[in-house]
Structures are given as structure tokens and as C-alpha cells.
Amino acid sequence: MARVPSPPVECAQCGAEIPPQAHACPECGADERTGWRETSIYDGLDLPDPDSERPASSPKNSGGLAWYWIVTGVAVLLIILLSALGLR
């Protein structure tokens with residue numbers, strides 16, 4: 001019968017620490033059937049760094065919602081003012 005390979009110290013899929021006699025990663029469930037690969041299937045993909053900054057929003061959309069609320073606020077103030085003066 002084939003000997004089951006011992007797990008690596010760290011899971012290649014999620015980076016969690018794996019106990020010495022574990023049959024699967026306690027975090028993501030990777031197990032000996034995957035061969036306890038030393039590398040992840042995602043290694044080599046050109047993915048952005050999760051800690052990197054996100055690009056700023058485009059200038060054309062940055063003030064759209066703010067403009068709406070300004071116009072709405074002015075309209076509400078005008079309605080209140082006209083109502084208070086009795087000029088409805």
C-alpha cells in the first residue's frame with residue numbers, strides 16, 4: 001500500500017498552518033488527494049496584490065451623486081421657505 005505523504009507546514013492553497021498528522025487543511029480543506037502541493041494552482045497568475053491601492057474613480061462619475069443631493073437640498077429649502085411665507 002502506498003504511503004500517504006505528510007502534509008507541508010503551510011497550506012499552499014490558503015497559507016494556513018497545518019498540524020503534522022492532519023489529513024486536510026483546517027482552513028480551506030485541501031487534502032492529501034491533492035498531493036499536498038508545495039505550490040498553489042494560482043501561482044503564476046498575474047493577479048493584483050491585495051494590499052495595493054485601488055485606482056481612483058473616474059473624474060466623470062466623481063460628482064454625479066453629490067450634485068443630485070445639492071439640487072435636492074436646495075429644492076427642499078425653497079419649498080420650506082415658500083411654505084413659511086404662505087406663497088404656495
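Between Val74 and Asp31, what is 0.36 nm times their sequence separation minus the Cα-Cα distance? Round to one decimal in nm. If you can, show how the numbers build up before the last one.
Working: separation 43, 0.36 × 43 = 15.48 nm, distance 6.19 nm.
Between Val74 and Asp31, full extension yields an extra 9.3 nm.
Expected output is a single nm value to one decimal: the length gained when fully extending between Ala22 and Leu81, i.e. 0.36 nm times separation in residues minus the C-alpha distance. What is it? Kindly include the intermediate steps, with their values, before the conclusion.
On the way: separation 59, 0.36 × 59 = 21.24 nm, distance 7.23 nm.
Full-extension gain reported as 14.0 nm.
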Please order Thr72, Thr34 by the number of other Cβ within 10 Å, starting at the fewest. Thr72, Thr34
Fewest Cβ neighbours within 10 Å first, please rank Asp31, Asp51 accordingly. Asp51, Asp31
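Throughout, read-outs are computed from the coordinates displayed, never taken from laboratory work. Just so it is clear, the model here is predicted, and its values are computed rather than measured. Methodologically, a virtual Cβ is constructed for each residue, glycine included, from the backbone with ideal geometry; neighbour enumeration extends over all protein chains shown.
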